[in-house]
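A short write-up of the structure that comes next.
The values are calculated or read from the model by the stated rules, or taken from the named source; none is laboratory data. Predicted model, so just to flag it, every value in this text is computed and none were measured. Cβ coordinates were reconstructed from backbone atoms using ideal geometry, including for glycine residues, and neighbour counts include every protein chain displayed. For accessibility, only protein heavy atoms count, side chains too; no ligands or nucleic acids. Shrake-Rupley method; radii C 1.70, N 1.55, O 1.52, S 1.80 Å.
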2 protein chains.
Amino acid sequence: MRVHYKHTSRILLALDCIIFGFDGEELNLLLIKRNFEPEYGKWSLMGGFLGEQEDLEEASRRILYNLTGLDSNYLEQFQTFGAVDRDPVERTVSVSYYALVNIEEQDGNAIRAHNASWISLKNRPALIFDHDSIVDAALQRLRYKAALHPLGFELLPEKFTIPQLQKLYEAIYDTSLDRRNFSRKILSTGLLQSTGEKDANSVTKKAQLFTLNTEEYLKFQNGFFNFLPELTLAESI
Amino acid sequence: MRVHYKHTSRILLALDCIIFGFDGEELNLLLIKRNFEPEYGKWSLMGGFLGEQEDLEEASRRILYNLTGLDSNYLEQFQTFGAVDRDPVERTVSVSYYALVNIEEQDGNAIRAHNASWISLKNRPALIFDHDSIVDAALQRLRYKAALHPLGFELLPEKFTIPQLQKLYEAIYDTSLDRRNFSRKILSTGLLQSTGEKDANSVTKKAQLFTLNTEEYLKFQNGFFNFLPELTLAESI
DNA sequence: TCAAAAGTGTTTAAAGTACACCCATGA
DNA sequence: TCATGGGTGTACTTTAAACACTTTTGA
């Protein structure tokens, strides 16, 4: 016979994934238009319940994989939400993870099957439950962390140009950066590896394509670094 | 009749508090020597289960208050732990909070009643379950955040000297800092307010006592700032 | 008057910032 | 040949880092 704790109530434990993608211009969220109850027809984050034999990260990877067909992306737990009435159906505590996804690599079929779409972060519709505030918190965390760690690359294709990287940072912080200083700062990290190739899509002068120097990248994941000129993050963790 | 989600299992949800204190020399943890089962006689973090009508932060404040008699201190959620076998009695997911406590202000009686003691972080005994790794994670988070935000003050008495503050940072990072540069850096933030008084305890030249400029402090909580000369944090969030 | 700790100053190096100029490309 | 965007350079300012000297205190 298994022993159990007494006099304590058990509760539903959900996981919600905030999935960020970058389309070259804007930061996007992968959202689901619900074709199931409750809140049929409304938009929500991708979520699910914790399985009996699953770790938290394992469960959120499962959710991410089912939706996007991706399994090896940047995924980080960032906050657990547990307001008593956050879910009107039944009390549910949500452990939230945010994911950074290369928008070109995900599986369009899996996404359509889940009735999901990429939606511009700026123009997103209202979401169900407390998902709006979860998204706000995830964006704050992304902004905070991306200023100090080289996360941005996770949102770009394997080969990318410095102007693309800059556009990404500008989208994350909803700001504009000086081209010349940004370039110098990024190059000085040693994170970029030249491929010798050039971006064929460009209309004017073609920018050089770089890949990430994975060795340096792993070092930088732990140490940290300022990726922005002025650290004027309005809000932070 | 209330609606419920189907086909999903409910789970125990605990909260664990990692309570940091500073005694003037070392960083300390408030730990409990358990006089109850399971793991009778072993050391653990202070924890408890989520009440049916409690928010997460509310519950962890309750736990903190019961133990220390303090209610208004720095308390921040930092990570949720959910490995399947982390609690051998029954599966339990733990939402963990770390707290910064002014060691002089807590309630000695409440602490003794819970069989708790302040234990040096460096020389702490092994803890039950996964509490060792929770403490490691909390220390990492504290180090990360204290380098960029003025948290340290929460661990000091209302009136404190710059050398005391420096000792605190040296304890947090287990390092030594240059007195002169540290002093200049701290003063340049405008966070300190002179009281005109001097530290009577000092044996040699008496250092000035400062209080926190709460107005500036609130600004800095959001913006951020480097409190250390070299940001060589071995590990981070 | 001496040792120990606090307080202030200075010099140098590195980083951040704001610019200007030239180059490649396709219409 | 012109507009657009990419690439490189430079001068200026701010901040960080390393270091030396003076002051206060109680024994």
Got a number for the accessible area of A:Asp85? Probe 1.4 Å, square angstrom, nearest 10.
130
Would you work out the charge dipole size for the protein assembly as shown about its Cα centre, treating the Cβ of every Lys and Arg as +1 and the Cβ of every Asp and Glu as -1, and quote it to the nearest 20 debye?
720
Looking at the square roots a ≥ b ≥ c of the eigenvalues of the Cα gyration tensor of the stretch A:12-145, which shape do they give, rounded for a/c under 1.5, prolate if a/b is larger than b/c, or oblate?
rounded
Between B:Thr80 and residues 5 or more places away or on another chain, which pairs have amide H atoms under 5 Å apart, with H built 1.01 Å from N, and which residues are they?
B:Ser96
Amide H contacts of B:Lys198 (H built 1.01 Å from N, under 5 Å, at least 5 apart or other chain):
B:Leu209
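At 1.4 Å probe radius, can you tell me the per residue accessible area of the stretch A:12-145 in Å²?
Values: 5230 Å² over 134 residues.
Normalised by residue count, the accessible surface of the stretch A:12-145 is 39 Å².
Which shape class, rounded, prolate or oblate, goes with the protein assembly as shown when its Cα gyration tensor gives a ≥ b ≥ c as root eigenvalues, a/c under 1.5 marks rounded, and past that a/b bigger than b/c marks prolate? Don't jump to the answer; show the numbers that get you there.
Details: a/c = 2.09, a/b = 1.16, b/c = 1.81.
Oblate shape, in that a/c is at least 1.5 and b/c is the bigger or equal ratio.
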Take every residue in peptide A:13-22, count the Cβ atoms of other chains within 10 Å of its Cβ, and give the average of those counts.
1
B:Arg124 - accessible surface, heavy atoms, 1.4 Å probe, Å² rounded to 10:
60
Among B:Ala14, B:Ala200, B:Ala83, which one moves the most in a GNM of chain B with springs linking Cα atoms closer than 10 Å?
B:Ala200
In peptide A:54-63, what is the residue-averaged number of other protein chain Cβ atoms found within 10 Å of each Cβ?
2
Using a Gaussian network model of chain A whose springs link C-alpha atoms within less than 10 Å, name the residue from A:Glu39, A:Glu215, A:Glu170 with the highest mean-square fluctuation.
A:Glu215
Which residue, B:Val84, B:Val203, B:Val93, has the most motion in a Gaussian network model of chain B that connects Cα atoms within less than 10 Å?
B:Val203
Considering only the label points, 7 Å along Cα→Cβ from Cα, what distances in nm to one decimal separate A:Asp71 from the same position in each other copy, shortest first?
5.0
Nm distances between copies for B:Asn109, ranked from closest, using label points 7 Å along Cα→Cβ:
7.0
The stretch B:45-54 - phi-based ³J(HN,Hα) in whole Hz, Karplus 6.51/-1.76/1.60, Gly and Pro as x
6, 7, x, x, 9, 6, x, 5, 10, 10
Let me cross-check A:Leu70: its accessible surface, 1.4 Å probe, with only protein heavy atoms counted, in Å² to the nearest 10?
20
Work out from phi, with θ = phi - 60° and the Karplus expression 6.51 cos²θ - 1.76 cosθ + 1.60, the ³J(HN,Hα) of each residue of the stretch B:81-89, listed in order in whole Hz, and give x for Gly and Pro.
10, x, 4, 4, 9, 5, 10, x, 6
Each residue of the stretch A:191-197 in order: what ³J(HN,Hα) in whole Hz does its phi give by Karplus 6.51 cos²θ - 1.76 cosθ + 1.60, θ = phi - 60°, with x for Gly and Pro?
7, 9, 10, 5, 9, x, 7
Specify which residue in the list B:Phe36, B:Ala137, B:Asn201 is farthest towards the positive end of the charge dipole of the protein assembly as shown, using unit charges on the beta carbon of Lys, Arg (+1) and Asp, Glu (-1), about the Cα centre.
B:Asn201
Among A:Gln53, A:Asn66, A:Ile18 - extreme Cα towards positive end, dipole of the stretch A:12-145, charges at beta-carbon:
A:Ile18
About its Cα centre, what dipole magnitude does chain B give when the only charges are +1 on Lys and Arg Cβ and -1 on Asp and Glu Cβ, stated in debye to the nearest 20?
360
Just reorder A:Arg61, B:Arg141 by solvent-accessible area, largest first, 1.4 Å probe, all chains present.
A:Arg61, B:Arg141
Carbon/sulfur fraction of accessible area - chain B, other protein chains in place, 1.4 Å, %
48
Using amide H atoms built 1.01 Å from N in the peptide plane, name the residues 5+ places from B:Phe227, or on other chains, whose amide H lies under 5 Å from its own.
B:Leu148
Taking the Cα centre of the stretch A:12-145 as origin, sum charge times position over the Cβ atoms of Lys and Arg (+1) and Asp and Glu (-1), and report the length of that vector in debye to the nearest 20.
340
Qualifying trypsin sites (Lys or Arg not before Pro) for the stretch B:1-44 [loop in DSSP, other Cβ within 10 Å: at most 10]
B:Arg2, B:Lys6
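What's the average, rounded to a whole number, of partner chain beta-carbon atoms within 10 Å of each residue's beta-carbon in A:76-87? Walk me through the numbers on the way to the answer.
Values: counts 1, 4, 3, 6, 10, 4, 12, 5, 8, 2, 1, 1.
Taking all residues of A:76-87 together, the mean is 5.
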Run the paramagnetic zone check for B:Gln193: 7 angstrom along Cα to Cβ, then residues of the stretch B:149-167 with backbone nitrogen under 13 Å.
B:158-160
What are the distances, in nm and sorted shortest first, from the label point of A:Ser120 to the label points of the same position in each other copy, with each label point placed 7 Å from Cα along the Cα-to-Cβ direction?
6.0
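Taking a ≥ b ≥ c as the square roots of the eigenvalues of the Cα gyration tensor of the stretch A:88-237, is the shape rounded (a/c under 1.5), prolate (a/b larger than b/c) or oblate? All intermediate terms of the calculation are to be shown ahead of the outcome.
Numbers: a/c = 1.98, a/b = 1.51, b/c = 1.31.
Prolate.
Once B and A are treated as a pair rather than alone, how much accessible area drops out, both sides summed, in Å² to 100, probe 1.4 Å?
On the way: alone 13390 and 13380 Å², together 22610 Å².
Between B and A, the summed buried area is about 4200 Å².
Which helices, taking whole DSSP H runs in chain B, have alpha carbons extending 15 angstrom or more along the helix axis plus mean Kyte-Doolittle at least -0.5?
Details: long enough: B:56-68 (18 Å, -0.35); B:131-148 (26 Å, -0.08); B:162-173 (17 Å, -0.02).
Membrane-span-like by this rule: B:56-68, B:131-148, B:162-173.
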